[in-house]
Amino acid sequence: MSESEPQTGHEAGDELEGRSFTGQSVRRFEDRRILTGEAEYIHDVTPPGCLEMAIVRSVHAHANIVDVDTSAAEDHPDCELVLTIEDLQESYNPQPCGLEGYEEWSLADGKARFVGEPIAVVVAADRYLAEDMADLVNVEYETLDPVVDGMDARESDTLVHEDAGTNVADNERIAFGDPDGAFADADHVVEGTYEWGRVSGVPLETAGVVAQYDEDGDSFHIDCNIQLHTLVDDTVYETLGRPADRVELNVPADVGGSFGTKIAIHRYCNLAAMAAEQLGRPVKFVEDRIENLQGGDMHCSERTYEMRLACDDDGTMRGLDVWFVDDFGAWPHYPVNQVLKPLSVLTNSYAIDDVVYEYDLVLTNKTAQTAYRGFGVDPHQYALEMLVDDAARELDIDPTEFRRRNLVTPDQLPYRIPSGNIYDSGDYPGAMDRMDEILDENERCEGGLLDPETVEQRREEGFYRGTQTAVLIEPGVSGSDWTDRQRTDDETIQNRSREDVAELPEHLRAEVKPDGTVLAWLATDSSGQGHQTLVAQLLADELGLLPSDIEVDYLDSVEAPTEYGSAASRMAVMLSGASVGVGRQLRDALAELAADHWGVDREAVSYRDGRVERSGTDDSLSLAELAELDDEARTHVSYDYEHPATGFPEFDDALTHKYPVYPTAAYAVNAPIVEVDVETGEVEVLKFYTLRDCGTMLNPMIVEGQAHGGIAQGLGAALMEEFGYDQGSGQPQAITMFDYLLPSTKNMPDIEMEHTSHPSPFTETGAKGVGEGGMIDAPAAIACSINDALEPLGVTADKLPFTAHRARKRLREAEE
Amino acid sequence: MSIEDTPHAEGRPTREISVTVNGEEVTREVEPRLKLSDFLRNECDLRGVRVGCEHGVCGACTVSLDGDTVKSCLLYAVQAEDLAVETVEGLAEDGQLHPIQEAFHEEHALQCGFCTSGFVMATKSLLEENPDPERDEIKEGLADNICRCTGYQNIYRAVDRAADKLSDDIEAVRTGADGEEGA
Ligand code: FES
Ligand code: FES
């Protein structure tokens, strides 16, 4: 098998009359400006008269702040401004984002709770000078013992927030079906403990903001690379104490990656905006990499799972019991989504009816979490697949066969899992079989990586090889109000009706320009996913134009309706649905305009290939001519594509109650071939086979690109990446890219990818979301392959990242 | 804002340097601690020089300095005095993408693009040394650059495509020059 080559390239501007662009690997619009160095990322934005900001940060994990002496800085001629917590409390508000009862200011208030927490800001002419000024600020601390371990924090007397009286910010136990019965009746109960290290997206571009204040309108214009700028703008305008329409967040067209993480950069937006208001001049802040890794509010899940699986002798999975602790760090940012999203794939690809899901969300003296590609689903998939491997071993059944016996079958789809979410389409056993075939043909044969003779020989040399397949589901397209529902009390939830559910559609606008080309406006921000290209190719099909006839721009947070935007793999589904809808709307508007012009009935005209024609005549009007006729902006249309679950009664119950609804289930069967050097503990992925289904592939090149990137991040999480902390002092151990290791070309094997396609019956175009794929499925797959490789030695990858150090430790323990 | 407009406090040291940047000589009065990456971005207005880590790991700031591939965040501007710097901005000619840029576009070897200029510059130096690299040599040659989006798969392909393209170009020049013989 070789990875499907992107189909013959279509340049966005190619003449391809009469052909469909949807489903083609149309080359991206975004590329040219990036390749020539003309792209404008937030780091490149510097308005005239702009000053720069630097931040004074806590050097302790936990300490009372006795005094912040700013006099030396303030006396210095190069210092433009110093802001401390007192200045903030005088004029602004705490920053919302998280659980009720935790009042977080943009600067530490009285106590520092993690290393790197901002304590003061200084502003000067440029960053070099601003850092000089920051050095002049003197902070006096009274250090406190830190709480460093998430499991210990539950019982610890040391509290991160004294007022809360506990370090457990939230916990819940949810039961589906009759788990007690299932566990009592089953022939076996298999238990396992699995740990997932703190990882994050670490986009190559750090956070940045340029804030400007307009005194006349008492309003702010804030350029920044925040993600979901129309959804999380409340974290900025509420902090600044202004109504939404006076705080304009504008995200540049070019953002250097986010992967979810940049939803939580509001602290920087707030501080730069406050400084800009105080000074009456633009203020810029660009986070440096050490700030980003150490205290940038951008770490993600750190979990310990204790799980149980109830099975019968014949290998039937009967019940699942999930319990975990998630260490959120100092503040509970975006907590509910993070711990509850796994409910949308609670039993992964297996048919299990009786399940318990329970968690403790704890606070410690570490950087607060944010979202990261997968939003908590990746650790769940990992832990569950580890448990399945352990159970197979205990039952003495081949792990692949054990999985196959429990898979949801094609005739059961759409399939409702116990927590209410519904998997739309697919063929899981078929995908498993196909992967088996691929491995047999390419690798389990003479000369292949898994040729039994080679495997045996390598083993004698101390290199253990293995691979394990599993079907991993990627829940796509979140969109309804389940975060709010989760925080609503049980009685209210009981009494809620379907009409109370707030939907989150996706908004798209389009207008015909005087030259007959079409300009579309996205309400969402992008960070490299190719949204502009996607909309152009779909709209071109709807309007019978070429993608090069479509231009795509972005709305800022004031212009755009408060929608949901780029999250949870929504965009392929939501933007394609919105493109079809807005295209239809525009065709109608143009036909009506032409009919009015000719003074005929609407039925007497029809839209075709970029023109409106009058039936029975040779009369026709081009888009440019129609634009000219249009004096009432009738060629400006907008459309909201409803969230796909809205139209399907199957989802009514889950939508009304408190569980997450993710109506698309893309999936992958992975077979990474790994080799473990038992001498050094080093794990190498020799090749990564993957078979994937995302329904309709709108742009195969972009789909594959997303999967490649996700798999690389998954490999990092499985083997290399981790924000470690010193257990005594709470000092972060990974604050440079020398310590937080990202996969490089040396770590990435060749990926062999094949696709199968079962279009979603729930979405307009049949597309399923794929933005989080790879990151969701690769860590579990790599861990299970390691389990297979080390089976003869009785070692499993029970803690990720399975670094060489950890592997050696496990191997040594096994020898003893 | 340029360093020139900076209201320096009394006594802050500066030094005048001249650097040839993409063929043009630039003379500026700079602080000795000014990083070459910041000099290129802020003084020369070259946005293609990206800064992802400022400690020499990510490679986003990769440029060529007198023919050597360097990370501009690890040098001070004063160290480039009298030397020639080439950045990604110097590659495209007459609005035509350089074959390496073209190959990155064709193979979808960029997503967010923040790493891209660094990769393009690193690829250029790799192909100058080894016009027809094997997969392992590509991996070795680009190991100093990090991309967080593409998983590198399409970057490998882009390098292959660029190598083919460049060798075709050389071939075309050769047969063009030896026209008679070739015919
Ligand atoms: S910015 Fe220079 S190597 Fe990262
Ligand atoms: S394309 Fe985003 S870092 Fe390489």
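Of the residues in segment B:56-67, at least one is touching a helix residue (DSSP H, G or I) at 6+ places or on another chain (Cβ under 9 Å), more than 16 Å from ligand 2 (Cβ to nearest atom) and modelled with pLDDT under 95.
Given the structure, is residue A:466 open to solvent by less than 30 Å² (accessible area, probe 1.4 Å) and within 30 Å of residue A:680 (Cα to Cα)? Considered against the rule, which asks whether it is open to solvent by less than 30 Å² (accessible area, probe 1.4 Å) and within 30 Å of residue A:680 (Cα to Cα), residue A:466 comes out as yes.
Pairing residues of segment A:232-253 that are outside any strand (DSSP E or B) with residues that are aliphatic (A, V, I, L, M) and open to solvent by less than 50 Å² (accessible area, probe 1.4 Å), at Cβ distances under 6 Å and at least 6 apart in sequence or on separate chains, gives A:232/A:263; A:233/A:249; A:236/A:247; A:237/A:244; A:237/A:247; A:240/A:247; A:240/A:273; A:252/A:42. Once segment A:526-573 is narrowed to residues that are among the hydroxyl-bearing types (Ser, Thr, Tyr) and within 14 Å of another protein chain (Cβ to nearest Cβ), the residue that is nearest to ligand 2 (Cβ to nearest atom) is A:527. Out of A:690, A:680, report the one residue that is surrounded by fewer than 24 Cβ atoms within 10 Å (Cβ to Cβ), over 17 Å from the mean Cα position of the chain (by Cα) and either of a type in the set (Val, Ile, Thr) or within 14 Å of chain B (Cβ to nearest Cβ) (or both). After ruling out the rest, the residue left standing is A:680.
Kindly provide the set of residues from segment A:275-293 that are more than 16 Å from ligand 1 (Cβ to nearest atom) and out of contact with any Ser or Thr (no Cβ under 7 Å at 6 or more places or on another chain), ordered by number. First the steps, then the outcome.
Filtering segment A:275-293 for residues more than 16 Å from ligand 1 (Cβ to nearest atom) gives A:275-285.
Hits for segment A:275-293 are A:275, A:276, A:277, A:278, A:279, A:280, A:281, A:282, A:283, A:285.
Of the strands (runs of 3 or more DSSP E) lying entirely inside segment B:42-152, the ones with 3 or more residues being within 12 Å of ligand 1 (Cβ to nearest atom) are found at B:68-71.
Within segment A:774-796, being open to solvent by 10 Å² or more (accessible area, probe 1.4 Å) and acidic (Asp, Glu) holds for A:788, A:791.
Criterion first (over 13 Å from the mean Cα position of the chain (by Cα) and more than 13 Å from ligand 2 (Cβ to nearest atom)) does residue B:92 satisfy it? Outline the logic, then answer.
Numbers: over 13 Å from the mean Cα position of the chain (by Cα): no; more than 13 Å from ligand 2 (Cβ to nearest atom): yes.
No: the conditions fail for residue B:92.
Considering B:81, B:31, the condition of being open to solvent by 10 Å² or more (accessible area, probe 1.4 Å), away from ligand 2 (no atom under 16 Å from the Cβ) and in contact with a strand residue (DSSP E or B) (Cβ under 6 Å, 6 or more places away or on another chain) is satisfied by B:81 alone.
Does residue B:138 meet the test of being under 20 Å from residue B:52 (Cβ atoms), at the interface with chain A (Cβ under 8 Å from one of its Cβ atoms) and of a type in the set (A, V, I, L, M)? Outline the logic, then answer.
Numbers: under 20 Å from residue B:52 (Cβ atoms): no; at the interface with chain A (Cβ under 8 Å from one of its Cβ atoms): yes; of a type in the set (A, V, I, L, M): yes.
Answer is no for this residue.
Looking at residue B:92, is it within 12 Å of chain A (Cβ to nearest Cβ) and surrounded by 24 or more Cβ atoms within 10 Å (Cβ to Cβ)? No, not satisfied.
I'd like to check something: does segment A:33-43 contain any residue that is at pLDDT 95 or above, over 27 Å from the mean Cα position of the chain (by Cα) and either under 30 Å from residue B:116 (Cα atoms) or not acidic (Asp, Glu) (or both)? Looking through segment A:33-43, none of the residues is at pLDDT 95 or above, over 27 Å from the mean Cα position of the chain (by Cα) and either under 30 Å from residue B:116 (Cα atoms) or not acidic (Asp, Glu) (or both). The residue that is least open to solvent (accessible area, probe 1.4 Å), counting only those in segment B:139-183 that are modelled with pLDDT of 95 or more and of a type in the set (Lys, Arg), is B:148.
Restricted to segment A:252-281, and to residues that are of a type in the set (A, V, I, L, M) and within 16 Å of ligand 2 (Cβ to nearest atom), which residue is surrounded by the most Cβ atoms within 10 Å (Cβ to Cβ)? That would be A:255.
Filtered by the rule that a residue be assigned to a helix (DSSP H, G or I), among the charged types (D, E, K, R) and either within 32 Å of the chain's Cα centre (by Cα) or crowded, with 17+ Cβ neighbours inside 10 Å (or both), segment A:416-448 gives A:433, A:434, A:436.
Give me the helices (runs of 4 or more DSSP H) completely within segment A:475-553, filtered to those with at least 1 residues that are closer than 16 Å to residue A:569 by Cα and within 18 Å of the chain's Cα centre (by Cα), ordered by residue number.
On the way: elements: A:482-486, A:490-495, A:531-543.
In segment A:475-553, A:531-543 are the helices (runs of 4 or more DSSP H) which contain 1 or more residues that are closer than 16 Å to residue A:569 by Cα and within 18 Å of the chain's Cα centre (by Cα).
Which members of segment A:126-142 meet the condition of being open to solvent by 20 Å² or more (accessible area, probe 1.4 Å), away from chain B (no Cβ under 14 Å) and in contact with a Ser or Thr (Cβ under 9 Å, 6 or more places away or on another chain)?
Filtering segment A:126-142 for residues open to solvent by 20 Å² or more (accessible area, probe 1.4 Å) gives A:127-128, A:131-132, A:135-136, A:138-142.
Among the residues that remain, those that are also away from chain B (no Cβ under 14 Å) are: A:138-142.
Correct list: A:138, A:139, A:141.
Just one of the listed residues (A:503, A:499) is free of Cβ contacts under 8 Å to residues at least 12 places away in the same chain and surrounded by fewer than 18 Cβ atoms within 10 Å (Cβ to Cβ), namely A:499. Is there a residue being within 16 Å of ligand 2 (Cβ to nearest atom), touching a helix residue (DSSP H, G or I) at 6+ places or on another chain (Cβ under 8 Å) and more than 11 Å from chain A (Cβ to nearest Cβ) anywhere in segment B:161-177? No, that holds for no residue.
Pull up segment A:299-345, narrow it to residues that are open to solvent by 10 Å² or more (accessible area, probe 1.4 Å), over 28 Å from residue A:397 (Cα atoms) and touching a helix residue (DSSP H, G or I) at 6+ places or on another chain (Cβ under 8 Å), then point me to the one that is farthest from the other protein chains (Cβ to nearest Cβ). In this case the residue turns out to be A:337. Of all the numbered requirements in (1) away from ligand 1 (no atom under 16 Å from the Cβ); (2) assigned to a helix (DSSP H, G or I), residue A:222 misses one, and that requirement is (2).
Could you please find all residues in segment A:61-96 being in a helix (DSSP H, G or I) and crowded, with 20+ Cβ neighbours inside 10 Å? Matches in segment A:61-96: A:73, A:88. Say whether the condition of being surrounded by fewer than 20 Cβ atoms within 10 Å (Cβ to Cβ) and within 12 Å of another protein chain (Cβ to nearest Cβ) is met by at least one residue in segment B:114-135. Yes: segment B:114-135 contains one or more residues that are surrounded by fewer than 20 Cβ atoms within 10 Å (Cβ to Cβ) and within 12 Å of another protein chain (Cβ to nearest Cβ).
Condition check: open to solvent by less than 40 Å² (accessible area, probe 1.4 Å), under 19 Å from residue A:36 (Cα atoms), within 14 Å of chain A (Cβ to nearest Cβ) and out of contact with any Asp or Glu (no Cβ under 7 Å at 6 or more places or on another chain). Does residue B:63 satisfy that? Spell out how you get there, then give the answer.
Working: open to solvent by less than 40 Å² (accessible area, probe 1.4 Å): yes; under 19 Å from residue A:36 (Cα atoms): yes; within 14 Å of chain A (Cβ to nearest Cβ): yes; out of contact with any Asp or Glu (no Cβ under 7 Å at 6 or more places or on another chain): no.
In short, no.
For residue B:15, state whether it is within 9 Å of chain A (Cβ to nearest Cβ), away from ligand 1 (no atom under 11 Å from the Cβ) and either open to solvent by 30 Å² or more (accessible area, probe 1.4 Å) or modelled with pLDDT of 95 or more (or both).
Numbers: within 9 Å of chain A (Cβ to nearest Cβ): no; away from ligand 1 (no atom under 11 Å from the Cβ): yes; either open to solvent by 30 Å² or more (accessible area, probe 1.4 Å) or modelled with pLDDT of 95 or more (or both): yes.
Criteria not met by residue B:15.
So, residue A:510, is that one touching a helix residue (DSSP H, G or I) at 6+ places or on another chain (Cβ under 7 Å) and either modelled with pLDDT under 95 or closer than 29 Å to residue A:628 by Cα (or both) or not? So residue A:510 fits the description; yes.
The values are calculated or read from the model by the stated rules, or taken from the named source; none is laboratory data. Bear in mind that the values here come from a model prediction, so they are computed numbers and not experimental data. Don't worry about glycine lacking a Cβ; one is built from the backbone with ideal geometry, like all the others, and counts go over all protein chains shown. Surface accessibility is based on the protein's heavy atoms, side chains included, excluding ligands, DNA and RNA. Shrake-Rupley method; radii C 1.70, N 1.55, O 1.52, S 1.80 Å.
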